[in-house]
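Derivation of every value follows stated rules applied to the coordinates shown; laboratory data play no part. Worth saying up front: this structure is predicted, and the values here are computed from it rather than measured. Cβ sites come from the backbone with ideal geometry, for glycine too, and all protein chains shown count toward neighbours.
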Amino acid sequence: MIGGLRVLAARLPLALKVPLLVAALTVLVAIVISQVILSRLEKEQSASLHDLASVFMDGLSTAVTPWLLRQDVWETFDSLDRARQQYGGIDLLFVVVTLPDGSVLAASAPERFKTGSALPAPLATFAASGRDLIIDERLHKAWLIRAVDQEQFHVGTILAEIDISKLLAVRRELLITLFIVNGGLTLLLGTAGYVMVRRMIRPLSLIQGKLATASSGRPQPIEDIMIERAGPEYAGLYRRFNDMIRGQAEREALAAELANQEKLAMLGRLASGMAHEVNNPLGGLMNAVDTLDVHGEDTNARRRTIDLLRRGLAGIQQVVRAALVTYRSDDRTRLLTHADLEDLPFLIQHETGVKQIELQWRNELPREVQIDASSIRQIALNLLLNACAATPERGQVSFAATADGESLRLLVTDQGPGLPAVALTAARAGAAGEAAPVGQGLGLWTASRLAARLGGRLSLRSGPAGGAAVEFAAPLPKEREDLREVA
Amino acid sequence: MIGIPRRSFLSGAAAALVAPIPTARASTTLSFGLTPVFLESDIALLGNLQSYLSRTLDRPVSLVKRRTYQEMTALLLSGELDAAWICGFPFVQHPDKLALVAVPLYRHQPLYQSYMIVAAERAVSTWQELRGDIHAFSDPDSNSGYLVTTALLAENHLTPQSFFGTTFFTYGHRNVIRAVAAGLAGSGSVDGYIWDVMSNREPALVSKTRVLRRSELLGFPPVACLRSNHESAGITQLANALVRTSEDDQGRRLLSMLQLDGFAIEPDSLFDDIAAKFALIQRQPA
């Protein structure tokens with residue numbers, strides 16, 4: 001219960017929490033004050049009633065005692081009857097005078113209390129109680145009791161029943177007044193608190209609005225006029241917010257620049273690799289052309305040479321095609337296919353060839369996977385290039401691509417010295433959307449960044465005897481629409 | 001009984017004729033006693049009576065009020081009062097000492113009744129149904145407020161103590177009506193003249209009661225004096241002034257306030273019925 005209230009209180013907005021707190025405090029103060037006032041009034045009324053009752057009974061007993069001594073029914077009644085008209089301060093319901101044996105001598109309500117009859121309960125109990133005032137707030141009544149003694153002899157008892165409704169009504173009216181005034185004050189203070197807090201936190205709402213729009217696009221800085229209008233605290237906050245927006249924009253621009261540079265760097269490496277791949281067979285092809293020129297009439301020689309030419313040109317064609325697929329300029333999202341990864345070995349053929357690296361290739365992807373092909377190709381290419389760079393000559397690099405209905409996994413291992421600290425930093429920065437660290441690790445930073453964009457992540461492990469394993473995992477959306485949104 | 005008004009008138013006229021006309025201003029104060037036969041707290045009435053008597057008698061008049069008939073009768077018997085408006089019952093208790101000065105005429109007769117009253121809504125039709133009641137009497141020396149009821153019970157071999165549950169005296173006919181109206185008493189014995197007058201003056205109070213039984217006509221409470229003083233000039237002048245009340249504007253106003261028709265000189269025999277009732281209760285074994 002209390003835990004639930006705490007959770008609720010924590011979730012309530014400040015604009016409601018403060019007025020509610022003010023209202024609660026006002027109510028608490030009002031209850032305490034009301035209680036004190038009512039308690040004081042009750043004491044005052046009780047004391048006043050006691051005094052009034054004492055005066056009333058003094059007068060009544062003085063008037064009645066001579067007749068009580070003579071047991072004069074009429075004069076006792078007459079005294080009571082007159083007393084009823086004389087004491088305006090008391091709402092007298094009836095007075096009854098009893099003899100020592102408890103029988104009624106006379107009463108101001110003679111039809112109810114017949115002369116000679118016994119006083120009914122609980123009045124008989126009250127008369128014998130020895131108390132001089134008995135109050136029953138539930139019945140709105142009080143009873144005044146006076147034992148009449150003469151020369152140490154008990155000659156009778158006077159018992160008066162009075163209506164205390166007016167006293168209770170005064171108390172009730174006071175309670176209602178207190179309730180209305182306090183309720184009004186609570187409402188007023190609560191409303192004032194709400195309005196004031198709303199005004200106070202309006203600048204925060206502005207920042208909240210800016211942040212909300214930022215989630216769906218580029219965050220906009222707060223206008224200068226708003227900064228001028230705001231108080232010193234909020235003006236400072238606005239300026240810091242604007243600084244933050246500017247910093248964010250600069251970081252994003254830097255990241256984009258870095259990504260572009262990395263792209264260019266990779267392109268450069270690829271271009272040199274491609275030139276090498278094209279150049280290598282080019283000498284052989286030129287020789288083949290010369291051979292054809294000299295021995296073209298020899299059918300066998302011509303066929304062998306043309307085969308050689310065809311193989312050489314086919315290799316060049318594959319390298320060129322792979323580069324085209326990776327860097328084609330259209331922005332349209334295309335789903336990954338099994339074949340998209342198959343030409344990657346050609347793109348790293350230069351690195352693997354120079355260092356005589358053995359590439360263990362395992363592509364177990366289905367025909368089509370619900371994920372952006374271009375991003376995956378870039379991730380895979382970066383990881384493979386890194387692995388080749390780390391692996392020593394005649395080493396081994398492995399690549400495995402798997403996908404089930406829920407996720408896509410790429411695992412690249414190498415036999416290099418393991419992952420340096422800077423690589424881990426770069427991967428973390430890429431995943432967090434932060435700027436790339438200066439120096440190394442641009443490939444991992446790019447891969448991490450792309451992985452984060454796809455909703456996936458990179459796991460980096462170094463083997464105990466060297467070698468690194470980098471695993472990319474990304475969830476696969478169920479629907480093509482979802483994929484488009486992610487992309 | 002029908003002839004009484006005429007006889008009263010004649011007696012009054014005769015008395016007026018024989019009364020000596022005062023020749024000199026009498027300076028001594030006439031003491032005149034009043035009992036609760038009168039309606040209580042009627043200051044205007046008392047002032048009017050005093051003014052009328054002192055003017056017509058040409059001497060100061062002192063009105064002396066006492067709470068009970070007993071006190072009044074004692075003052076009269078001791079000679080401290082020249083005359084007093086008492087009740088027929090004290091008059092018949094002291095026939096050798098008291099003499100009649102004048103008797104008021106109510107409805108043109110020197111007669112009135114005793115009423116036995118109950119609460120207006122009370123469902124009883126005979127006095128016998130009042131057995132065990134709380135009964136309010138006016139005064140132990142009142143004819144209408146005690147003797148008539150006690151005599152009625154005695155005729156039936158009963159006493160107030162044996163017939164009623166509780167009895168008490170209110171020392172005032174108005175108080176008897178109040179006691180019954182308030183429910184303090186279940187029934188009461190009251191002067192019929194007072195009940196009638198009050199039913200006009202205080203209908204709200206009197207309408208809470210009703211008459212259960214009316215007694216026979218009895219001699220109206222008279223103005224009496226010591227028999228030894230009966231023939232004095234002062235008493236004769238007083239009787240004359242009372243009998244001639246209706247002939248004077250102030251006197252007529254007084255009678256109007258009292259709702260009486262006048263005063264008459266009546267024989268002692270007017271109170272024989274009351275004397276008989278007294279004799280009856282005296283004979284009753286205690």
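Which order do the peptides B:236-244, A:364-372 take when ranked by the mean count of other beta-carbon atoms within 10 Å per residue, highest first? Write out the running numbers ahead of the final one.
Working: B:236-244: 23.3, A:364-372: 16.6.
The peptides rank, most packed first, as B:236-244, A:364-372.
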- [ ] Take every Cα-Cα distance within region A:332-487, group them into 5 Å bins from 0 onward, and report for each bin the whole-number percent of pairs it holds.
- [x] 2, 10, 19, 22, 20, 15, 8, 3, 1, 0
TODO: Find the centroid of the Cα atoms in region B:152-221 and in region A:193-243, then give the distance between the two in whole Å.
DONE: 98 Å
Open item on the list: How big is the dipole moment of chain B about its Cα centre under a simple scheme where the beta carbon of each Lys and Arg is +1, that of each Asp and Glu is -1, and everything else is neutral? Debye, nearest 20, please.
Closed with: 320 debye
Task: Within the protein assembly as shown: Cβ-based charge dipole about Cα centre, in debye rounded to nearest 20 (Lys, Arg +1; Asp, Glu -1) - done: 1360 debye
Open item on the list: Please report the spacing between the Cα centers of region A:129-189 and region A:71-125 in Å, no decimals.
Closed with: 20 Å
- [ ] At a temperature of 37 °C and a viscosity of 0.692 mPa s, determine how fast region B:180-240 diffuses translationally according to Stokes-Einstein, using the Kirkwood radius over alpha-carbon pairs as Rh; express D in µm²/s, rounded to the nearest whole number.
- [x] 224 µm²/s
Task: All Cα pairs of region A:2-185, percent lying beyond 19 Å - done: 65 percent
Open item on the list: Skipping prolines and chain starts, which residues have an amide H placed within reach, meaning under 5 Å, of the one on residue B:167, given they are 5 or more residues away or on another chain?
Closed with: B:135
TODO: For residue A:355, list the lysines whose Cα falls under 28 Å from its own Cα; do not include residues on the same chain fewer than 8 positions away.
DONE: A:263
- [ ] Restricting to the protein assembly as shown, compute how many DSSP beta bridges are antiparallel as a %, nearest 5.
- [x] 75 percent
Task: Residue (of A:359, A:69, A:255) at the positive-pole extreme of chain A, dipole from beta-carbon charges - done: A:359
Open item on the list: Charges on Cβ only, +1 for Lys and Arg, -1 for Asp and Glu, centred on the Cα centroid of chain A; of A:375, A:236, A:221, which one is farthest towards the dipole's positive end?
Closed with: A:375
- [ ] Determine which aspartates and glutamates satisfy two conditions relative to residue A:478: a Cα distance under 19 Å, and not lying fewer than 8 residues away in the same chain.
- [x] A:368, A:372, A:404, A:406
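Which whole number in µm²/s is D for chain B by Stokes-Einstein, with the Kirkwood Rh taken over Cα pairs at 4 °C and 1.567 mPa s? Could the numbers behind the result be given before it?
On the way: Rh = 19.2 Å.
Estimated diffusion coefficient is 67 µm²/s.
May I ask for the net charge around residue B:226, where only other residues with Cβ less than 15 Å from the Cβ of residue B:226 are counted and Lys, Arg are +1 while Asp, Glu are -1? Walk me through the intermediate numbers first.
Values: positive: B:97, B:227; negative: B:80, B:82, B:96, B:231, B:268.
Overall, the nearby charge balance is -3.
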Open item on the list: Within region A:2-185, how many Lys pairs that are eight or more residues apart, or on different chains, come under 24 Å at the alpha-carbon?
Closed with: 4
Open item on the list: With the crude spin-label approximation of a point 7 Å out along Cα→Cβ, what separation in nm comes out for residue A:271 versus residue A:337?
Closed with: 2.9 nm
TODO: Would you please name the GluC sites (Glu not before Pro) within region B:117-157 that are DSSP coil residues with at most 10 other C-beta atoms within 10 Å of their C-beta?
DONE: B:121
Task: Counted charge near residue A:426, where neighbours are those whose Cβ lies closer than 12 Å (Asp, Glu -1; Lys, Arg +1) - done: 0
Task: Total charge dipole magnitude, region A:332-487, about the Cα centre, Cβ charges on Lys, Arg, Asp, Glu only, Debye to nearest 20 - done: 260 debye
Task: Pairs of alpha carbons in the protein assembly as shown whose separation is greater than 34 Å (percent) - done: 72 percent
Open item on the list: As I understand it, the dipole of chain B uses +1 on the Cβ of Lys and Arg and -1 on the Cβ of Asp and Glu, about the Cα centre. Which of B:101, B:154, B:260 lies farthest toward its positive end?
Closed with: B:260
Task: Net +/- balance of residues flanking residue A:451 in space, Cβ distance below 11 Å, scoring K and R +1, D and E -1 - done: +2
